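Trainee: Got a structure for you, written out below as structure tokens; questions coming shortly.
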Amino acid sequence: MVFALFRRWRLRRILAQPFPDAWRDILSQRFEHYERLAPDDRKRLERDVQIFIADKNWEGCAGFEITDEVKVIIAANACLLLLGHDHDGFANVRSVLVYPRPFRVPEFPSMEDGLYIVDEDVDLVGEAHERGPVILSWNEVQRAGHGGRNVVLHEFAHKLDMADGFVDGTPPLAGGSQVRQWAAVMTDEFNMLRDSARRGRATLLDDYGAQDEAEFFAVATECFFERSQAMQRRHAALYDVLKAYFNQDPASR
Ligand SMILES: [Zn+2]
């Protein structure tokens with residue numbers, strides 16, 4: 001209770017500060033979604049970015065220096081996901097860790113013949129821990145938009161998915177008809193992507209999403225924001241389900 005009051009007081013103090021002009025310049029020049037937003041949405045995004053930046057612990061790893069540009073770009077991408085919602089600003093993310101380049105982690109051990117096998121280390125460009133930080137490679141963050149990919153949207157979509165305690169590709173929904181529509185469309189589209197991936201057919205959606213339902217939601221989220229018009233044309237039902245969930249219509253911007 002005391003902590004909740006303290007947090008509210010802190011957030012009010014943060015919002016009492018004007019949004020820095022230098023940050024606005026970064027948004028205009030380096031975050032292409034910003035210019036397409038309606039004025040009200042821009043204001044709202046700025047407010048969310050301000051809170052997000054003050055609210056998280058930022059850690060540069062492997063000698064990486066966290067600058068204002070790093071914070072503003074990552075915060076803006078994360079907060080874009082929340083623009084249509086009343087939200088807690090990703091309260092389930094305390095820390096954002098940033099590496100300069102892809103980072104090496106040990107492969108999660110798998111069980112074989114009663115023994116744990118660790119195959120090889122893998123290089124990652126992003127990772128979202130269920131009860132921990134979001135980890136990003138800055139080099140990949142800067143490539144946002146290329147080929148419809150966006151690692152920040154991807155990892156924070158995982159965090160939305162995790163908000164109900166399950167990593168299953170379904171974030172908390174409004175209930176009733178939204179749940180039924182979600183289940184039908186997502187299952188259909190996921191199976192289609194799996195089929196295409198098996199046959200080696202290229203699709204609008206990155207076939208990384210064929211791994212499991214959680215990756216499918218993260219990949220579909222990237223595509224929804226970064227290739228919104230193509231998704232609306234080629235995966236209309238998927239676009240509509242995500243439009244209802246995010247309460248945003250990026251294709252119309
Ligand atoms: Zn993922």
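What follows draws every value from the coordinates through simple rules; no lab data is involved. Owing to the predicted nature of the structure, the values given are computational and were not obtained by experimental measurement. Don't worry about glycine lacking a Cβ; one is built from the backbone with ideal geometry, like all the others, and counts go over all protein chains shown.
Trainee: What is the extension gain from Arg131 to Gln181, computed as 0.36 nm multiplied by their sequence separation minus the C-alpha to C-alpha distance, in nm to one decimal? Let's see the in-between values first.
Mentor: Values: separation 50, 0.36 × 50 = 18.00 nm, distance 2.90 nm.
Extra length available between Arg131 and Gln181 comes to 15.1 nm.
Trainee: For the peptides 71-81, 200-210, 135-145, what is the packing order when you average, over each peptide's residues, the other Cβ atoms within 10 Å and list the highest mean first?
Mentor: Values: 71-81: 23.8, 200-210: 16.5, 135-145: 19.4.
Sorting 71-81, 200-210, 135-145 by mean packing, highest first, produces 71-81, 135-145, 200-210.
Trainee: For segment 135-253, what is the relative contact order in percent, using Cα pairs closer than 8 Å and at least 6 residues apart in sequence?
Mentor: Details: 130 pairs, mean separation 30.0, N = 119.
Rounded, it is 25 percent for segment 135-253.
Trainee: Nearest 0.05, what FRET efficiency do Ala22 and Arg198 give at R0 = 51 Å with Cβ-Cβ as r?
Mentor: Values: r = 49 Å, r/R0 = 0.95.
Efficiency computed from Cβ-Cβ geometry: 0.55.
Trainee: Another question, then. How far apart, in nanometres, would the label points at Ile14 and Asp164 be if each is projected 7 angstrom from Cα along the Cα-to-Cβ direction?
Mentor: Modelled inter-label distance: 2.7 nm.
Trainee: So how much slack lies between Ala251 and Phe3, counting 0.36 nm per residue of separation and subtracting their Cα-Cα distance, in nm?
Mentor: Working: separation 248, 0.36 × 248 = 89.28 nm, distance 4.01 nm.
Residue separation times 0.36 nm, minus the Cα-Cα distance, leaves 85.3 nm.
Trainee: Using helices alone, what [θ] at 222 nm do you get for the chain, with -39,500 (n - 2.57) per DSSP H run of 4 or more residues, divided over all residues and rounded to the nearest 500? Walk me through the numbers on the way to the answer.
Mentor: Working: 11 runs with 132 residues, N = 253.
The per-residue figure over the chain is -16000 deg cm²/dmol.
Trainee: Can you tell me the relative contact order of segment 54-102? Whole percent, Cα pairs under 8 Å, sequence separation 6 or more. Show your work: numbers first, answer last.
Mentor: Values: 37 pairs, mean separation 32.7, N = 49.
With pairs under 8 Å counted, the relative contact order is 67 percent.
Trainee: Going highest first, how would you order 123-129, 3-9 by mean Cβ packing within 10 Å?
Mentor: Working: 123-129: 17.6, 3-9: 9.6.
Those peptides, ordered most packed to least, come out 123-129, 3-9.
Trainee: In straight Cα distance, which lysines are under 23 Å from Lys43, not counting same-chain residues fewer than 8 positions off?
Mentor: Lys56, Lys71, Lys243
Trainee: Estimate the FRET efficiency between Asn92 and Asn57 by the formula 1/(1 + (r/R0)^6), using the beta-carbon distance for r and 22 Å for R0, to the nearest 0.05. Each step should come with its number before you reach the end.
Mentor: Numbers: r = 14 Å, r/R0 = 0.62.
In this case the efficiency is close to 0.95.
Trainee: Along the positive direction of the dipole of the chain (beta-carbon charges: Lys, Arg +1; Asp, Glu -1; about the Cα centre), which of Ser252, Gly175, Ala214 reaches farthest?
Mentor: Highest projection toward the positive end goes to Ser252.
Trainee: Further, regarding this structure: To the nearest 0.05, what FRET efficiency results for Tyr208 and Gln229 with a Förster distance of 25 Å applied to their C-beta separation?
Mentor: Values: r = 22 Å, r/R0 = 0.86.
Efficiency at R0 = 25 Å is approximately 0.70.
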